[in-house]
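The values are calculated or read from the model by the stated rules, or taken from the named source; none is laboratory data. Note that this is a predicted model, so its numbers are computed, not measured. FYI the Cβ positions are ideal-geometry reconstructions off the backbone, even for glycines, and counts take in every protein chain you see. The area values use the complete protein model at the heavy-atom level, side chains included, leaving out ligands, DNA and RNA. Shrake-Rupley method; radii C 1.70, N 1.55, O 1.52, S 1.80 Å.
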Amino acid sequence: KICITGFAKMAAVRPQVSVLSVEGKPVEQIALPAVFTAPIRADVVRTIHTNLAKNKRQAYAVFNKAGHQTAAESWGTGRAVSRIPRVPGGGTHRSGQGAFGNMCRGGRMFAPTKVWRRWHRKVNVNQKRFAVASALAASAIPSLVLARGHRIEQIPEVPLVLSDEAQAVSKTSKAVEVLTKLGAIADVEKVQDSKSLRAGKGKLRNRRYVLRKGPLVIYGEDAGLTKAFRNIPGVELARVDALNLLQLAPGGHLGRFCIWTKSAFAKLDEIYASKKGFQLPTASMLNSDIARIINSDEIQSVVRKPKVNNVKHAPLKKNPLRNLGAMIKLNPYAKVARQAEITRSRENAVKRAAKLAAIAAGKPSGATKPTKEVKAIGKAFYKKAVSESEYQGEDYELFTRWLGKSQ
């Protein structure tokens, strides 16, 4: 048995994995490789995938002479036109037109693309190994596989390991039968249903259709397996000696649905033990349940008791004009004045209600009426005011009439 440094004492989450026959029935148990306990680093996988995906790009550029295939020269100043180079000659619409500039019709583009752009990216070997280990660990977590969109509700367990007799399957019909018995055919059907036309010019460039990703079959020895599975939509194949991050985490997204053969699954420990200068990454915390750790008896028995917060804050200052209690502290008579005001208000309300009720009943309200002497004094004052306001002339006739003298 091969033990990897740093993992000999580490207990895997699932120390044993079932090996299934091509009929979908468990036949034996196999130890879970140590690589499946590696920490899951989505940020590392995304960065490495972005750089590795650039290494398949082909150079492209516009024609190096585009926009410059004319003997254009500027007319200079003094002709009331811009100093852009202009096409020479006459007798045609083209003569005199601006040329060369990216703002001109028929001119070159701004900053023409060149084939010597830095298309590819170098990635450290250990970084690639780290990302692959993280992607393998994520493929063994059902929730991440489901979150990526794979249909694994019917399969027995994750990771899914087949006996080595699956490597001898050489017919596509037999391969489909194996996937059906394993419950993985639902993921293939999802891929078939997702087939659609590609958006853009790729339709004209021999990549007319797009598909989702299906299962990734990882094998140890090819005894006809690749020919059987390669024509099933969405199914990809990979040799365990040459695992590729672009297949294990398409698009930089963790959780690819992987189907392993027993020989490939058992060879993982040997592969990672033979990589010189590389040690499988370990998680910073073997148990990420912080609340459980803090509340455990071992921790609580040595930590100090929580401190009681005795910090006294300055009291909130209250407005005495709005707060009666604050006003009483400043002026004790305020309470007596407030009570007197309330009593007076209640008495006035009673009097007003009685007065309104009397008016509604047609009874005299009790208000004093002016006497005849007072009315006579008022009339005399009015007549005197009118007589003292006499004006002469036509302009004041209307004003006099308005005062009521003529009446």
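Quick notes
Yes/no per residue for (1) at positive phi; (2) touching a helix residue (DSSP H, G or I) at 6+ places or on another chain (Cβ under 7 Å):
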position: Pro85; (1), (2): no, no
position: Gly89; (1), (2): yes, no
position: Val123; (1), (2): no, yes
position: Asn126; (1), (2): no, no
position: Ser134; (1), (2): no, yes
position: Ala138; (1), (2): no, yes
position: Pro142; (1), (2): no, no
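- Cβ-Cβ under 6 Å pairs, at least 6 apart or on other chains, the range 1-30 side under 30 Å from Ala175 (Cα atoms) and of a type in the set (Asp, Glu), far side modelled with pLDDT of 95 or more and part of a strand (DSSP E or B): Glu28/Val19
- All positions within the range 371-399 that are of a type outside the set (Asp, Glu), modelled with pLDDT under 85 and either surrounded by 10 or more Cβ atoms within 10 Å (Cβ to Cβ) or part of a helix (DSSP H, G or I) (or both): Lys383, Lys384, Ala385, Val386, Ser387, Ser389, Tyr391, Tyr396, Leu398, Phe399
- Residues located in the range 150-160, provided they are closer than 19 Å to Pro26 by Cβ and either assigned to a loop (DSSP other than H, G, I, E, B) or modelled with pLDDT under 95 (or both): Ile152, Glu153, Gln154, Ile155, Pro156, Glu157, Val158, Pro159
- For the range 235-253, a tally of residues being polar (S, T, N, Q) and not in a helix (DSSP H, G or I) returns 1.
- Selected residue (criterion: farthest from the chain's Cα centre (by Cα)) from residues of the range 310-323 that are open to solvent by 100 Å² or more (accessible area, probe 1.4 Å) and not polar (S, T, N, Q): Leu321
- Of Gly101, Gly106, Gly91, all but one fail to be open to solvent by less than 80 Å² (accessible area, probe 1.4 Å) and free of Cβ contacts under 8 Å to residues at least 24 places away in the same chain; the exception is Gly101.
- Qualifying residue in the range 161-182 (condition: buried (at least 18 other Cβ atoms within 10 Å of the Cβ), part of a loop (DSSP other than H, G, I, E, B) and within 36 Å of the chain's Cα centre (by Cα)): no
- Single match in Ala147, Ala133 (criterion: over 24 Å from the mean Cα position of the chain (by Cα) and touching a residue at least 60 places away in the same chain (Cβ under 8 Å)): Ala133
- Residue in the range 68-85 that is in contact (Cβ under 8 Å) with a residue 40 or more places away in the chain and either touching a Lys or Arg at 6+ places or on another chain (Cβ under 8 Å) or part of a loop (DSSP other than H, G, I, E, B) (or both) present: yes
- Check on Leu144, of a type outside the set (Gly, Ala, Ser), touching a Cys at 6+ places or on another chain (Cβ under 9 Å) and either buried (at least 19 other Cβ atoms within 10 Å of the Cβ) or under 15 Å from Leu245 (Cα atoms) (or both): no
- Of everything listed in (1) assigned to a loop (DSSP other than H, G, I, E, B); (2) open to solvent by 30 Å² or more (accessible area, probe 1.4 Å); (3) aliphatic (A, V, I, L, M); (4) closer than 29 Å to Asp187 by Cα, the single unmet condition for Ile232 is (2).
- Filtered residue count, the range 285-332, keeping only those that are of a type in the set (Gly, Ala, Ser) and not in a helix (DSSP H, G or I): 4
- Scanning the range 332-358 for residues that are surrounded by 12 or more Cβ atoms within 10 Å (Cβ to Cβ) and either touching a Leu at 6+ places or on another chain (Cβ under 9 Å) or at pLDDT 95 or above (or both) yields a total of 3.
- For Leu225: the one exception among (1) under 24 Å from Gly149 (Cα atoms); (2) free of Cβ contacts under 8 Å to residues at least 60 places away in the same chain; (3) buried (at least 19 other Cβ atoms within 10 Å of the Cβ): (1)
- Qualifying positions in the range 273-309 - small (Gly, Ala, Ser), under 17 Å from Ile40 (Cβ atoms) and open to solvent by less than 80 Å² (accessible area, probe 1.4 Å): Ala283
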